[in-house]
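This report refers to the structure that appears directly beneath it.
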Amino acid sequence: MICAALLFIIAYTKVGQKEAVYGVKSSLALFFQILPLIIAAMIMGGLIQVIVPKELIEQFLGTGSGIRGIVTGGVAGSVMPGPPYASLPIVASLLRSGAGIGPMVALVTAWALWRINLIPLEIAFISPKFMVIRFFATFIFPVIAGLIAQLIIMRFITYP
């Protein structure tokens, strides 16, 4: 809020009241446009906690699931659609339901690096060759990130 207020003051003094107010109105319009997605993601996150048994989440994505959980997290991240404000509440819900840090780091890393739903866009805008090279160049990173996160948690940090 402080940054937003400072930017408003800068815009107000540099470009004028009309433009500063227009900037606020356009950002509010964007906010109300994405608000349904945020609400839906939070509801989905809450429902995941209720629908999916905690034991199942712990079995497949828990700290004790080992490399299998990290790989499962990576695969889940690759098929998870949506922008951060839609997918991160689901990750938070999974963490609260017993998912381990390693599998969730793998999930978020895979989501960021190689979401399946972005492949057609990448092929269309750049090239199939580029997509294949980028995919294989980053293929192992979600698993590595998950393993590193798990190691950090096991060695250095007590996570609730």
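Please find, within region 116-160, the residue that is modelled with the lowest pLDDT out of those that are over 24 Å from THR63 (Cβ atoms) and among the polar types (S, T, N, Q). Looking at the filtered set, the residue picked out is ASN117. Is it true that some residue in region 131-138 is of a type outside the set (A, V, I, L, M), touching a helix residue (DSSP H, G or I) at 6+ places or on another chain (Cβ under 7 Å) and either in contact (Cβ under 8 Å) with a residue 60 or more places away in the chain or closer than 30 Å to GLN33 by Cα (or both)? Within region 131-138, not a single residue is of a type outside the set (A, V, I, L, M), touching a helix residue (DSSP H, G or I) at 6+ places or on another chain (Cβ under 7 Å) and either in contact (Cβ under 8 Å) with a residue 60 or more places away in the chain or closer than 30 Å to GLN33 by Cα (or both).
Hey, among PRO53, PRO36, PRO89, which residue is of a type outside the set (S, T, N, Q) and in contact with a helix residue (DSSP H, G or I) (Cβ under 8 Å, 6 or more places away or on another chain)? Give the steps one after another, and end with the answer.
Numbers: PRO53 fails: in contact with a helix residue (DSSP H, G or I) (Cβ under 8 Å, 6 or more places away or on another chain); PRO36 fails: in contact with a helix residue (DSSP H, G or I) (Cβ under 8 Å, 6 or more places away or on another chain).
Selected residue: PRO89, the only one of PRO53, PRO36, PRO89 that is of a type outside the set (S, T, N, Q) and in contact with a helix residue (DSSP H, G or I) (Cβ under 8 Å, 6 or more places away or on another chain).
Select from region 38-85 the residues that are among the polar types (S, T, N, Q), more than 17 Å from ILE153 (Cβ to Cβ) and over 17 Å from the mean Cα position of the chain (by Cα) and write down the one among them that is modelled with the lowest pLDDT. Checked region 38-85; the qualifying residue modelled with the lowest pLDDT is GLN49.
Does PHE31 qualify as being farther than 23 Å from ARG96 by Cα and either assigned to a helix (DSSP H, G or I) or more than 19 Å from the chain's Cα centre (by Cα) (or both)? Considered against the rule, which asks whether it is farther than 23 Å from ARG96 by Cα and either assigned to a helix (DSSP H, G or I) or more than 19 Å from the chain's Cα centre (by Cα) (or both), PHE31 comes out as yes.
The values are calculated or read from the model by the stated rules, or taken from the named source; none is laboratory data. For clarity, every value in this text was computed on a predicted model and none was experimentally measured. Heads up, the Cβs are rebuilt from the backbone with ideal geometry, glycines too, and the neighbour counts pull from every protein chain shown.
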